[in-house]
Amino acid sequence: MTTWTDHTADRPISLTAPSGIDRAAHHRLDEAWLAAAWSHPSTRCFVVSGGQVLIDETADGRTELVMTPSFEAPLTEAHRYFLGTDEDGVSYFALQKDSLPGRIDQSARPAGLREAGLLLSARDVGLMVHAVGLENWQRTHRFCSRCGERTIIAAAGHIRRCPACGAEHYPRTDPAVIMAVTDADDRILLGRQVHWPEGRFSTLAGFVEPGESIEQAVRREVSEEVGITVGQVEYVASQPWPFPSSLMLGFLAHATTTGIDVDGDEIHEARWFSRDELRAAFESGEVLPPYGISIAARLIELWYGKPLPTRSFV
């Protein structure tokens, strides 16, 4: 049987490498500490807007998140989020704005995680994932779900409190399963969603429902989308996926049937591939490889046995 965890330590899944940032949650309610950290000359901050940040290329060819000292930061009203500290004691903040600031040198450019996640260092990616997740939640949860009153930001961006009923609301994370389905002949099942372009195939995925285990979710989603029954389910790895607020839980699922019956609502087409068939489809352009940032690419790659062809973020 294929071993599905051999390579994750040597080549971490995108967005999951250790960032070296301590989130230091114990400081989030300490307003005096936060004020001192914000005013410290070593503190660095960056703006996040609509899931994008500014990135820039350095003279030695690296790509970096554009950060500034806090005293050079734009005004943010209350939308300033503490992200943590590094081993040198540097504190990091994200500033939520309606638009990204302009750059005098014009060399920086806006980028979302699909691009930046493949270019930035582990530290910068970790900061960006944290900031993008908080920004989306803050923008979409401004009112109390209990009484409808406008909530206020607390805990350095990690809580919203209702001044009317006292409810506290926390950042939302939606668990979703994503699975490489294989059969007794060691073929892999890939599907094409209804709204995807021709040739784009990937692993199946879906959200966990209330009262459901993640293993049950894997079996239900595969059955609903392609009509295939799954037996054994093996956990592989997870990946934060703030598009807008998911946590992807990756699995290997062993099919006990092979007859495909797509639902037509989410999946337009699904096919079984041997390794030779998938390689030929990549080489001919019949099948486009998944985006390198996605855990889907790693699930397929672990089955495939070597890195997949690269694909642009566009």
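Residues that are in contact (Cβ under 8 Å) with a residue 40 or more places away in the chain, within 21 Å of Asp124 (Cβ to Cβ) and either open to solvent by 20 Å² or more (accessible area, probe 1.4 Å) or part of a loop (DSSP other than H, G, I, E, B) (or both) within region 28-49 comprise Trp38, His40, Ser42, Thr43, Arg44, listed in sequence order. Residue count for region 104-128 satisfying the condition of being under 13 Å from Glu64 (Cβ atoms) and not β-branched (Val, Ile, Thr): 13.
The set of residues in region 77-89 that are among the charged types (D, E, K, R), open to solvent by 50 Å² or more (accessible area, probe 1.4 Å) and not in a strand (DSSP E or B) comprises Glu77, Glu87, Asp88.
Any residue at all in region 272-281 that is polar (S, T, N, Q), more than 29 Å from Leu134 (Cα to Cα), loosely packed, with under 15 Cβ neighbours inside 10 Å and in contact with a strand residue (DSSP E or B) (Cβ under 7 Å, 6 or more places away or on another chain)? Within region 272-281, not a single residue is polar (S, T, N, Q), more than 29 Å from Leu134 (Cα to Cα), loosely packed, with under 15 Cβ neighbours inside 10 Å and in contact with a strand residue (DSSP E or B) (Cβ under 7 Å, 6 or more places away or on another chain). More than 26 Å from Arg160 (Cα to Cα) and hydrophobic (A, V, I, L, M, F, W, C): is that true of Leu65 in this structure? Answer is yes for this residue. Selection within region 50-76: residues that are open to solvent by 50 Å² or more (accessible area, probe 1.4 Å) and in contact with a strand residue (DSSP E or B) (Cβ under 7 Å, 6 or more places away or on another chain). The member of this set that is farthest from Phe93 (Cα to Cα) is Glu57.
Looking at Arg123, is it modelled with pLDDT of 95 or more, open to solvent by 70 Å² or more (accessible area, probe 1.4 Å) and farther than 24 Å from His40 by Cα? No, not satisfied. Applying a threshold of 8 Å to beta carbon distances and a minimum spacing of six or more residues, or different chains, the list of pairs starting in region 272-283 at a residue that is farther than 24 Å from Val222 by Cβ and ending at one that is open to solvent by less than 30 Å² (accessible area, probe 1.4 Å) and hydrophobic (A, V, I, L, M, F, W, C) is empty. Restricting attention to region 130-168, and to residues there that are assigned to a loop (DSSP other than H, G, I, E, B) and under 21 Å from Phe243 (Cα atoms), which single residue is least open to solvent (accessible area, probe 1.4 Å)? This residue is His158. Filtering region 173-189 to residues that are exposed (fewer than 15 other Cβ atoms within 10 Å of the Cβ) and of a type in the set (A, V, I, L, M, F, W, C) leaves only Ala184.
Among residues that are closer than 25 Å to Thr16 by Cβ and not polar (S, T, N, Q), Arg139 is included. Residues that are more than 25 Å from Asp276 (Cβ to Cβ) and at pLDDT 95 or above number at least 3 in the following strands (runs of 3 or more DSSP E) confined to region 177-250: 204-207, 230-241. Of all residue pairs spaced 6 or more apart or on separate chains, those with beta-carbon atoms under 8 Å, a first member in region 214-228 that is open to solvent by less than 50 Å² (accessible area, probe 1.4 Å) and a second member that is in a helix (DSSP H, G or I) are Ile228/Val222.
The values are calculated or read from the model by the stated rules, or taken from the named source; none is laboratory data. Owing to the predicted nature of the structure, the values given are computational and were not obtained by experimental measurement. So basically every Cβ, Gly included, is an ideal-geometry build from the backbone, and we count neighbours across all protein chains shown. What goes into the accessible areas is simple: the full protein's heavy atoms, side chains included, and nothing from ligands, DNA or RNA. Shrake-Rupley method; radii C 1.70, N 1.55, O 1.52, S 1.80 Å.
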